[in-house]
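Heads up, the thing below is written out as structure tokens.
The values are calculated or read from the model by the stated rules, or taken from the named source; none is laboratory data. This structure is a prediction, so every number in the text was calculated from the model and none was measured. Cβ atoms come from the backbone with ideal geometry, glycine included; neighbour counts cover every protein chain shown.
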Amino acid sequence: MLWVGKLIIDEVVLQIGADVKDLDRLWVLVAAEFLLAVLSDLLNRGINLIDALLGDQYSIDTSVRIIKKTSEVNLDELEDSEFYDKLERARQQTTGRVGLMSNILTQAEDIIVIVSLLIGVVAFEPWLIILLVVSIIPTMINEVKFSGTSYSLARSWTQERRELDYLRYAGASDVTAKEVKLFGLSEYIADRFKGLSQRYYAQSKQLAKQRAGWGSFFNVIGTSAYYAAYVLIIFRTVVGIFSLGDLTFLAGSFNRLRQKLQGFFTRFTIITETALYLQDYFDFLDLSYHKPTAGGQPLPKVIKDGFEFINVGFKYPKSERWVVRNINFKLKAGEKLAFVGENGAGKTTLIKLLLQFYEPTEGEIRLDGVPIQQYDRTAYQKYFGVIFQDFVKFELTLRENIAMGEITEIEDQERIEGAASKSLADQVVSELPFGYDQQLGKRFKQGKDLSGGQWQKIAIARAYMKDAEVLILDEPTSALDARAETEAFDRFIKLTAGKTAVIISHRFSTVRIADRIMVLKDGAVLEIGTHEELMENNQLYSELFNLQAAGYK
Ligand SMILES: Nc1ncnc2c1ncn2[C@@H]1O[C@H](COP(=O)(O)OP(=O)(O)OP(=O)(O)O)[C@@H](O)[C@H]1O
Ligand SMILES: [Mg+2]
């Protein structure tokens, strides 16, 4: 286009001086420039379109990969704050880093432009190249100087950025709103947010100022070189070496060339920086966790003997404290065993060990005589139907919330209804305007929040949804009213007759239904036996039982 522009001007100048005007060639040139303009616009739009589409796909793909990778990670690693730093850095890749590909392609495009402009400029005036080099070197220095600095700053702030995210959530979300209002915490949280973000702001401001300062300085040098070139071209035009068209072409080319070269170097820094971020994403995907032992021992179809804890002791990762130690007991096939004990005694921890979320620090857990880690971990975990104390209230439909227990059966309405009726969740369903299609939680359109007990009934339905060999209920009825609790447990015992189960509860009326009861104190087994045996034993169990019973008299 620059070249055609030059030809047009030369032609205009020629026609001004001519006695007989012949404008044919001029119109052809204008038409050519018009076509080039249209073509270049189309190309640009095409590039933008592809950029946007690829960008969307890239962000979908990275998000999906991160979700999948996170589910592969073991629980102990998930609880590690370093893991969250890695996750956070990887997560940032799902947005904002989509430009890498388009930047690389733009770089290629620019090289073509630069080479063709260079050829044009050299053909006219080789001297200009020296000026060009002078004008571009400062930019290069600037880019090299600052390349990677903002990345290192951002990286060193990963933890703080997560804290900022958390504060933003704590200060502005429906989940925390009640207490934030009641205790008047918003000022406190806002101040903390402000304090922390201002520290980051101060550092990045300093960097930005340095960058801007040096940038302007080098730019002055660059601009001076450009004007030196301009003066040279004007001079040569005035003395008649260059035509007017040459003047516009050379001045335009030189300027474009300088811009392109500058862009080239800046983009080079951006690409290196993006690549650094991308490396974080790949590092996250490459994190190697000890994978579940594939294959190994086939799981017994029916549990013959049961589970056995042999001298099990456990410390949480990065902790020196024995949470449980010297644990010896048997969970017999078909037995309902209850765990009782004070808060922090280690009940939930034993469940997590049984489920292979963690490996015991010492000792061993066996299923039918075989150490549990010799089974394929995924298959092993499928054996269990578990409701955790802190089960998740998924803000999805009620149907999905129940089907979570066995998500492949989500289409099986009969099974879902069956599970709901076993857990008393059907009562909840009948009160909701959209029944099983009711959106739960308040976050989304037409969502309805449930009471604590209603949520719990749905969570119990999840356990029934799965045709599990072993059922584990960690305080599943703590929020149920007295009648519902009794009913839920009576049903549980009836419906799971012959199945192995562990029940954790602080209510002794529930606990006594179990075949045997294990009392934990300070991470050790204090006593184990039937309700009658423990009452006779006259230790902690009978003390606590009588304490609770006395409260009701
Ligand atoms: N993820 C964890 N990392 C480190 N320590 C933990 C973790 N989870 C629990 N603990 C510690 O282990 C101990 C036992 O916790 P656990 O959850 O097993 O108690 P619990 O008997 O289930 O109590 P509760 O009746 O309150 O549910 C507690 O002292 C707790 O601080
Ligand atoms: Mg617990």
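Which residues, taken from region 114-135, are surrounded by fewer than 16 Cβ atoms within 10 Å (Cβ to Cβ) and either touching a Leu at 6+ places or on another chain (Cβ under 9 Å) or assigned to a helix (DSSP H, G or I) (or both)? Across region 114-135, the qualifying residues are VAL115, SER116, ILE119, VAL122, ALA123, TRP127, ILE129, ILE130, VAL133.
Filter region 300-355 down to residues that are among the acidic types (Asp, Glu), away from ligand 2 (no atom under 16 Å from the Cβ) and assigned to a loop (DSSP other than H, G, I, E, B) and give me whichever is nearest to the chain's Cα centre (by Cα). Taking the candidates together, the pick is GLU320.
Of ASP61, ASP51, which residue is in a helix (DSSP H, G or I) and in contact with a helix residue (DSSP H, G or I) (Cβ under 8 Å, 6 or more places away or on another chain)? Outline the logic, then answer.
Details: ASP61 fails: in contact with a helix residue (DSSP H, G or I) (Cβ under 8 Å, 6 or more places away or on another chain).
Criteria check complete, one pass: ASP51.
Restricting attention to region 319-350, the residues that are of a type outside the set (Ser, Thr, Tyr), near ligand 1 (Cβ under 8 Å from one of its atoms) and more than 14 Å from LEU526 (Cβ to Cβ) total 4.
Taken over region 167-198, the criterion of being exposed (fewer than 12 other Cβ atoms within 10 Å of the Cβ) and over 21 Å from ASP449 (Cα atoms) is satisfied by PHE183, GLY184, GLU187, ASP191, GLY195, GLN198.
The criterion of being crowded, with 19+ Cβ neighbours inside 10 Å, assigned by TED's automatic domain parsing to the domain that holds ILE129, within 44 Å of the chain's Cα centre (by Cα) and assigned to a helix (DSSP H, G or I) holds for LEU257. Out of curiosity, is ALA479 aliphatic (A, V, I, L, M) and more than 16 Å from ligand 2 (Cβ to nearest atom)? Answer is no for this residue. Condition (residue is free of Cβ contacts under 8 Å to residues at least 24 places away in the same chain, assigned to a helix (DSSP H, G or I) and of a type in the set (Gly, Ala, Ser)) applied to region 32-45: is it met by at least one residue? Checked region 32-45: no residue is free of Cβ contacts under 8 Å to residues at least 24 places away in the same chain, assigned to a helix (DSSP H, G or I) and of a type in the set (Gly, Ala, Ser).
Could you check, for region 93-112, whether at least one of its residues is in a helix (DSSP H, G or I), acidic (Asp, Glu) and touching a Ser or Thr at 6+ places or on another chain (Cβ under 8 Å)? No, region 93-112 contains no residue that is in a helix (DSSP H, G or I), acidic (Asp, Glu) and touching a Ser or Thr at 6+ places or on another chain (Cβ under 8 Å). Residue count for region 153-184, restricted to those that are closer than 16 Å to LEU196 by Cβ and not in a helix (DSSP H, G or I): 2.
Examine region 136-146 for a residue that is at negative phi and either outside any helix (DSSP H, G or I) or at pLDDT 85 or above (or both), and state whether such a residue exists. Write out each step before concluding.
Taking region 136-146 and keeping what is at negative phi, we get 136-146.
Filter once more, so that each one left must be either outside any helix (DSSP H, G or I) or at pLDDT 85 or above (or both): none.
Scanning region 136-146 turns up no residue that is at negative phi and either outside any helix (DSSP H, G or I) or at pLDDT 85 or above (or both).
Among all residues of region 390-399, there is at least one that is within 27 Å of the chain's Cα centre (by Cα), outside any loop (DSSP other than H, G, I, E, B), away from ligand 2 (no atom under 16 Å from the Cβ) and not hydroxyl-bearing (Ser, Thr, Tyr). Looking only at residues of region 331-385 that are under 19 Å from ASP515 (Cα atoms) and β-branched (Val, Ile, Thr), we find that the one that is surrounded by the fewest Cβ atoms within 10 Å (Cβ to Cβ) is ILE351.
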